[in-house]
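A.B. asks: This is the structure I want to talk about, given as structure tokens.
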Amino acid sequence: MSLSRRVFPLLLCACLPGVAGAADERVFYNGKIFTAEPGHPYAEAVAIRGDKIVAVGNRRDVAKTVTGGAEMIDLKGNFLAPGLIDSHCHAVEGGLSLISADIGENASSVDELAAFAAAAKQSGRGMQGDILTVSGIPLAFWSKNKELNDRFNAGSYAHQPVLLRGMDGHTAWANKALLKRAGIDRQLIGGLDAVRRGYYGLDPDLEPNGFLVDAGVDKVSALVPRPDKERMLAAARAAAQHLHGLGITAWLDPSVSADTLASYRSLDERGELNSHVAALPVIDFKEGHPERQLAAALEWRERFQDVPGARIVGIKVFADGVLEYPSQTAVLSKPYRTSGKNGEQLFDPAEFAKIAAAADKQGMIVMFTPSATRR
């Protein structure tokens, strides 16, 4: 294969331990090196200087492009590929799931879910403060609301707050103890208009049945203690390791918080980030004063500019909710056939235009997330 001398940004996932921190010049050889060029998909070797790929081709020609002191790394038949970019990844939140009680696809019945929750409570893995929290719940469980109420409102759960988080990041289910603590009751529901009632699952008499979506999830989530710095760092570490294992070396992280950014900084300071993260704080028009929120985002950009692996590049704005049943919080031109309800637009278009223009003047991109992409 002929030598390619084109220079590319370095986005490599070596799939090997101990690569980070090597010499300024490296040559990788004796592996399956994927080039992503259709005419020559594989190469014998690749040479790197600093953060640039300087040569790809056969080993002899590649070796000529570096000095004699270059580090020679034998891939021993392993696969080397350009790093993948995830354009929408809540990495640290996902990391928290990795180190917490996340059920994933390990349950298909309420009995299996209850057994998992009991083990998570006993081990402490599912306890956040005094709230038993299980994440990654398959959405099919929301059709088993009566079974969830029967199982998680009796016995040892009669006074134990329980939060089951849906795998989509939009939905959840809370038992009566947690609903009571959050103030979610018939009186609250009775004071809401039809649109805002759509964030809560209800019995015919307007009694909450535990199902929650978007704003309803936010109301109970506010009661869950925030992870401390050590736990956030552990989550960031778990996320980076998991993503690197998938070959993902760069991602866009929308809706970051100051805690999230601090965890990226801590990971970067320890030399464990080894990634490129584009971060976006949220401008929430429902919270009011979007111009102050933009100012805060700009202040965060300044405060965290010393973190080379994670930079604030813009803001994120939610338009509405999601289309899926039973959530149905996305705004449509006509009501949903299954429920007759519709979603809520989360901002005034004129106000959004002002913030978008102001952000653009500051060199910030604006991520606009309409139906089915919230969070």
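Condition check ((1) small (Gly, Ala, Ser); (2) under 21 Å from residue 90 (Cα atoms); (3) not assigned by TED's automatic domain parsing to the domain that holds residue 201) across all residues:
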{"residue": "291", "(1), (2), (3)": "no, no, yes"}
{"residue": "304", "(1), (2), (3)": "no, yes, yes"}
{"residue": "335", "(1), (2), (3)": "no, no, yes"}
{"residue": "347", "(1), (2), (3)": "no, no, yes"}
{"residue": "355", "(1), (2), (3)": "no, no, yes"}
{"residue": "359", "(1), (2), (3)": "yes, no, yes"}
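A.B. asks: Which pairs do you get when a residue that is within 11 Å of residue 100 (Cβ to Cβ), found in the stretch 223-235, comes within reach of a residue that is assigned to a loop (DSSP other than H, G, I, E, B) and among the aliphatic types (A, V, I, L, M), reach meaning Cβ atoms under 8 angstrom, with the pair 6+ apart or on two chains?
C.D. replies: From residues that are within 11 Å of residue 100 (Cβ to Cβ), the pairs are 231/99; 234/99; 235/99.
A.B. asks: Residues in the stretch 249-269: is at least one out of contact with any helix residue (DSSP H, G or I) (no Cβ under 8 Å at 6 or more places or on another chain), more than 13 Å from residue 92 (Cα to Cα) and among the hydrophobic types (A, V, I, L, M, F, W, C)?
C.D. replies: For the stretch 249-269, residues out of contact with any helix residue (DSSP H, G or I) (no Cβ under 8 Å at 6 or more places or on another chain), more than 13 Å from residue 92 (Cα to Cα) and among the hydrophobic types (A, V, I, L, M, F, W, C): present.
A.B. asks: Would you mind listing the strands (runs of 3 or more DSSP E) fully within the stretch 238-336 where at least 3 residues are of a type outside the set (A, V, I, L, M, F, W, C) and within 30 Å of residue 197 (Cα to Cα)? Even if it seems obvious, please write down each step before you answer.
C.D. replies: Numbers: elements: 248-254, 276-280, 310-312, 314-318.
So the answer is none; nothing clears 3.
A.B. asks: Report those helices (runs of 4 or more DSSP H) wholly inside the stretch 167-219 carrying at least 3 residues which are touching a strand residue (DSSP E or B) at 6+ places or on another chain (Cβ under 9 Å).
C.D. replies: Working: elements: 176-182, 186-190, 194-197.
Counting at least 3 such residues, we get 176-182, 186-190.
A.B. asks: Being outside any helix (DSSP H, G or I) and closer than 25 Å to residue 324 by Cβ narrows it down to one residue among 143, 108, 97; which is it?
C.D. replies: Working: 143 fails: outside any helix (DSSP H, G or I); 97 fails: outside any helix (DSSP H, G or I).
Residue meeting the stated conditions: 108.
The values are calculated or read from the model by the stated rules, or taken from the named source; none is laboratory data. Remember, predicted model here, so these are calculated numbers, not experimental data. Here the Cβ is made from the backbone with ideal geometry for all residues, glycine too, and neighbour counts use every protein chain on show.
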